[in-house]
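**Student:** Have a look at this one.
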There are 2 protein chains.
Amino acid sequence: MTPLLRIGEASARAGVNIQTLRYYERRGLIKAPERGSSGYREYTPETVQLVKLIKRAQKFGLSLNEIKHLLDFCENSKVNCNGLHDVIASKIADTKEQLAVLNEIEKSLKLLLDSCSTKGPLDRCPIMRSLND
Amino acid sequence: MTPLLRIGEASARAGVNIQTLRYYERRGLIKAPERGSSGYREYTPETVQLVKLIKRAQKFGLSLNEIKHLLDFCENSKVNCNGLHDVIASKIADTKEQLAVLNEIEKSLKLLLDSCSTKGPLDRCPIMRSLND
DNA sequence: ATTGACCATGTACCATGCCATAGGGTCAAC
DNA sequence: GTTGACCCTATGGCATGGTACATGGTCAAT
């Protein structure tokens, strides 16, 4: 007697596009739902919840592949959540690296910008000269 | 009497793949070079230099489109380098925004990780619970 | 019995920055 | 005259995270 949802309703409740649900199914992020006699997919509310979880995880900067790893850990290892830790921890490391790179870039860009006091002739603009060194 | 370079030599000197030169040509980043009687492209050393500049600009986090804007300014505005400033300044703004987002993400990930002391049962792991809230 | 809303599959497309491959031409050396 | 290295164009592929479209089936209401 659980209220099964067709794809339109399910995607609306999860706040995603219809194609997104089919895409997640292809990517293995959600299991292929049962089909009714019509051949229509019939989603459980749990799947809607799962899709919301996926969307939330994306906001944490996790890629769909990383999220899949996460979910696979939940599937397979009933025992503990070490796998989850590893995924998150390695994502933190990634993020730190990206931050370092971006900080470097910002610093360099600022130097580039400051090197040139506007309105000079282009061919002697230090910005182009720096890029060309 | 300038030593013209065919694409293999030019790409080697610039440190990029042959296809990359053709790709940059299609994207309008470098001008289509003259063709010899054989129909082969004949690059000047200046083009090689330009490609190196493009590669350096990429390391500053600039996209090919942004680099094209930059180069177009150099082409068109013989007068001053305000355009260059604008490109760089807006890139700095972008970078700051990305930094802010990444910092947020890192903070959240750390909270997520710290919320769970390893080796507990999976179904009560706060990581999954947080994602599922 | 037909309309309209919904669903199905398969395919192609968006941006990004290339790389690879197929099928052919050019050219110098042997 | 043939080999091999090089070049040409055009097309398709990679990863990422989807969206859109063409073509057709299902189903309830009118």
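**Student:** Would you check the accessible area of A:His69, probe 1.4 Å, heavy atoms only, in square angstrom rounded to 10?
**Tutor:** Approximately 110 Å² for this residue.
**Student:** Collect residues whose amide H, placed 1.01 Å from N in the peptide plane, falls under 5 Å from the amide H of B:Lys31; neighbours closer than 5 in sequence don't count.
**Tutor:** Result for B:Lys31 returns nothing.
**Student:** Scan chain B and note any complete DSSP helix (H) whose C-alpha atoms cover at least 27 Å along its axis and whose Kyte-Doolittle average is -0.5 or more. Could you put the intermediate results ahead of the total?
**Tutor:** On the way: long enough: B:82-114 (48 Å, 0.03).
Within chain B the helices that satisfy the rule are B:82-114.
**Student:** In whole angstrom, and with the biggest value first, how far do the Cα coordinates of the protein assembly as shown range along each principal axis?
**Tutor:** Projected onto its principal axes, the Cα set of the protein assembly as shown covers 83, 43, 30 Å.
**Student:** While we're on this one: Quickly estimate the mean residue ellipticity at 222 nm for the protein assembly as shown, helices only: each DSSP H run with n ≥ 4 gives -39500 (n - 2.57), and the total goes over all residues, rounded to 500. If you can, show how the numbers build up before the last one.
**Tutor:** Working: 12 runs with 171 residues, N = 266.
So the calculated ellipticity at 222 nm is -21000 deg cm²/dmol.
**Student:** State to the nearest 20 debye the size of the charge dipole of the protein assembly as shown about its Cα centre, where the only charges are +1 on K and R beta carbons and -1 on D and E beta carbons.
**Tutor:** On the way: 42 positive and 32 negative charges, 68 e Å.
Rounded to the nearest 20 debye, it is 320 debye.
**Student:** Tally Lys/Arg at +1 and Asp/Glu at -1 over every other residue whose Cβ is under 11 Å from the Cβ of A:Lys91; what's the total?
**Tutor:** Details: positive: A:Lys96, B:Lys110; negative: A:Glu66, A:Asp86, A:Asp94, A:Glu97, B:Glu106.
Within the 11 Å Cβ shell, the charges total -3.
**Student:** Run the numbers for B:Arg27 and B:Asp114: contour at 0.36 nm per residue of separation, minus the present Cα-Cα distance, in nm. The partial results should precede the final answer.
**Tutor:** On the way: separation 87, 0.36 × 87 = 31.32 nm, distance 4.69 nm.
Once the chain is fully extended between B:Arg27 and B:Asp114, it gains 26.6 nm.
**Student:** If you take the accessible area of A alone plus B alone and subtract the pair, what total do you get in square angstrom, rounded to 100, with a 1.4 Å probe?
**Tutor:** Numbers: alone 10050 and 10050 Å², together 15640 Å².
So the buried area, both faces added, is about 4500 Å².
**Student:** Report the charge-dipole magnitude of chain B in Debye, nearest 20, computed about the Cα centre from +1 at each Lys and Arg Cβ and -1 at each Asp and Glu Cβ.
**Tutor:** Details: 21 positive and 16 negative charges, 81 e Å.
Once rounded to the nearest 20, the dipole reads 400 debye.
**Student:** Relative to the present Cα-Cα distance, how much length would full extension add between B:Arg6 and B:Tyr40 at 0.36 nm per residue of separation?
**Tutor:** 11.6 nm
**Student:** With the calculation restricted to Cα positions, what are the radius of gyration and Dmax of chain B in angstrom?
**Tutor:** Spelled out, the Cα radius of gyration and Dmax of chain B are 23.8, 76 Å.
**Student:** Which residue, chosen from B:Asn82, B:Asn17, A:Leu50, occupies the Cα position most advanced towards the positive end of the dipole of the protein assembly as shown, where the dipole is computed from +1 (Lys, Arg) and -1 (Asp, Glu) charges on Cβ about the Cα centre?
**Tutor:** Of the candidates, B:Asn17 comes out farthest on the positive side.
**Student:** Next question, about the same structure. Restricting things to alpha carbons, find the Rg to Rh ratio for segment A:26-77 using the Kirkwood radius for Rh.
**Tutor:** Details: Rg = 12.4 Å, Rh = 12.0 Å.
That ratio equals 1.03.
**Student:** How big is segment B:1-61 by Rg and Dmax over its Cα atoms, in Å?
**Tutor:** Just the Cα atoms of segment B:1-61 yield Rg and Dmax of 11.3, 39 Å.
The values are calculated or read from the model by the stated rules, or taken from the named source; none is laboratory data. As the structure is a computational prediction, the values presented were derived from the model and not from experiment. Quick reminder, even Gly has a Cβ in these numbers, built from the backbone with ideal geometry, and neighbours come from all protein chains shown. Surface accessibility is based on the protein's heavy atoms, side chains included, excluding ligands, DNA and RNA. Shrake-Rupley method; radii C 1.70, N 1.55, O 1.52, S 1.80 Å.
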